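**Student:** Quick one: this structure, given as structure tokens, is what I'll be asking you about.
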């Protein structure tokens with residue numbers, strides 16, 4: 001055999017070997033062995049009731065219930081930059097947990113692996129659920145098994161290639177999944193019970209970092225429990241940094257005010273709107289007061305890390321300020337005051353954290369779609385802001401946002417029509 005033929009033979013062999021390896025890696029893995037079986041009597045009422053409360057704390061219904069559908073029966077579409085993922089059926093129906101046992105459920109939460117060996121899509125917050133304790137996993141499973149069985153099939157994920165392959169999920173796991181690695185405050189024996197419990201709730205059951213982590217083009221981060229904030233993919237909302245008091249940090253708040261915000265949606269100088277309003281509506285307002293205080297204590301002691309502000313490279317265009325001022329006087333001043341001081345229960349805009357954030361995303365979304373807090377027991381009739389999506393065009397929006405971000409001593413960067421157009425599109429596309 002001449003050298004050329006030998007080279008082609010070796011090259012072909014390597015290609016076949018590589019192809020076979022990729023095929024093997026792309027197959028579902030064998031289910032990970034579980035060392036110890038469940039020790040809970042899953043039919044006991046106390047276990048089921050505890051699981052119900054844990055499901056509320058995790059807001060499981062939020063992703064596992066289709067709009068207008070049966071609770072926990074799955075089918076809710078979750079758009080991502082890579083395609084659409086559908087929440088799974090958590091009822092004991094044939095398309096849900098019918099054939100599962102407590103070990104299978106623990107494998108999914110802790111290892112991110114389904115009963116049949118498939119790796120779960122990381123839209124399911126596996127970096128958070130891997131921190132959930134086994135006894136809590138068993139209680140959750142007991143509750144879901146107690147639900148009425150729903151057999152409606154869940155749509156297959158609509159993900160683009162190669163994101164729909166097991167190989168892609170293996171790569172993602174290697175890069176971004178830290179199995180069972182709790183944050184220091186959860187395992188620190190010297191920390192107070194409330195701080196350890198708060199860390200567990202924030203980083204495990206509550207999965208706050210699922211929204212508040214900054215993500216790269218692959219939807220990952222070297223620290224998937226990071227709370228430094230970022231744009232929520234496909235939603236056009238900014239989950240503010242919980243490390244920066246100028247954004248969403250509460251390090252300088254009174255403990256009672258933090259609890260009030262999580263329980264009622266309102267606190268002195270702050271209201272909850274946007275995606276967090278849904279979390280509060282279905283989850284945190286129903287938490288036990290002791291759990292809310294533990295979370296508040298944990299959030300209050302987080303390290304303070306300032307987020308770099310968006311540079312204001314030049315003074316705002318006088319035309320934009322003038323036009324924005326006219327829109328403000330016509331549409332905004334009646335509730336927010338001529339000097340942004342706020343009127344009655346309507347919040348001030350002068351010094352407002354949302355107004356001054358580096359990204360104008362939340363300010364734009366509130367102006368476009370209105371600002372409505374959740375109705376809660378402690379705040380049953382929240383005041384809302386009407387939407388202006390039909391009244392203001394892109395130029396009008398850029399002008400009025402520029403006005404409020406540069407007046408009353410504000411030095412935030414102006415907003416351009418390009419900023420408005422980009423933030424009106426799903427982030428990640």
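The values are calculated or read from the model by the stated rules, or taken from the named source; none is laboratory data. Worth saying up front: this structure is predicted, and the values here are computed from it rather than measured. Neighbour counts are summed over all protein chains in view; Cβ atoms, including those assigned to glycine, are modelled from backbone coordinates with ideal geometry.
**Student:** For the range 226-275, give me each residue that is at negative phi, under 12 Å from the mean Cα position of the chain (by Cα) and touching a residue at least 40 places away in the same chain (Cβ under 8 Å).
**Tutor:** Selection gives 227, 231, 232, 233, 235, 237, 238, 240, 275.
**Student:** Which members of the range 74-89 meet the condition of being out of contact with any strand residue (DSSP E or B) (no Cβ under 7 Å at 6 or more places or on another chain) and assigned to a loop (DSSP other than H, G, I, E, B)?
**Tutor:** Answer for the range 74-89, where residues must be out of contact with any strand residue (DSSP E or B) (no Cβ under 7 Å at 6 or more places or on another chain) and assigned to a loop (DSSP other than H, G, I, E, B): just 81.
**Student:** Counting residues that are over 25 Å from residue 275 (Cβ atoms), which helices (runs of 4 or more DSSP H) fully inside the range 317-363 reach at least 3? Working first, answer last.
**Tutor:** Numbers: elements: 318-331, 333-336, 353-356.
The qualifying helices (runs of 4 or more DSSP H) are 318-331.
**Student:** Does residue 333 satisfy being in contact (Cβ under 8 Å) with a residue 40 or more places away in the chain and over 30 Å from residue 218 (Cα atoms)?
**Tutor:** no
**Student:** Could I ask something else about it? Which pairs have Cβ atoms under 8 Å, sit 6 or more apart or on different chains, and link a residue in the range 144-170 that is under 21 Å from residue 89 (Cα atoms) and assigned by TED's automatic domain parsing to the domain that holds residue 90 to one that is in a helix (DSSP H, G or I) and modelled with pLDDT of 95 or more?
**Tutor:** As it stands, the answer is 144/51; 144/55; 144/105; 146/48; 146/51, since those pairs meet every condition given.
**Student:** Test each condition in (1) assigned to a loop (DSSP other than H, G, I, E, B); (2) under 26 Å from residue 344 (Cβ atoms) for residue 415 and report the one that comes out false.
**Tutor:** (2) is the only condition that residue 415 fails.
**Student:** Picking from 380, 347, which residue would you name as being more than 24 Å from the chain's Cα centre (by Cα) and free of Cβ contacts under 8 Å to residues at least 24 places away in the same chain? Explain how you work it out, then say what you get.
**Tutor:** On the way: 347 fails: free of Cβ contacts under 8 Å to residues at least 24 places away in the same chain.
The conditions single out 380.
**Student:** Within the range 136-153, can you find the residues that are surrounded by 19 or more Cβ atoms within 10 Å (Cβ to Cβ) and within 24 Å of residue 79 (Cβ to Cβ)?
**Tutor:** Result: 150, single match.
**Student:** Among the residues of the range 353-372, write down those that are under 19 Å from residue 265 (Cα atoms) and surrounded by fewer than 20 Cβ atoms within 10 Å (Cβ to Cβ).
**Tutor:** Matches in the range 353-372: 353, 366, 369, 370, 372.
**Student:** Here's something else I'd like to know. Pick from 205, 227: which is outside the structural domain of residue 124 (by TED's automatic domain parsing) and farther than 21 Å from residue 120 by Cα? Before the answer, list the steps.
**Tutor:** Details: 205 fails: farther than 21 Å from residue 120 by Cα.
So the residue among 205, 227 that is outside the structural domain of residue 124 (by TED's automatic domain parsing) and farther than 21 Å from residue 120 by Cα is 227.
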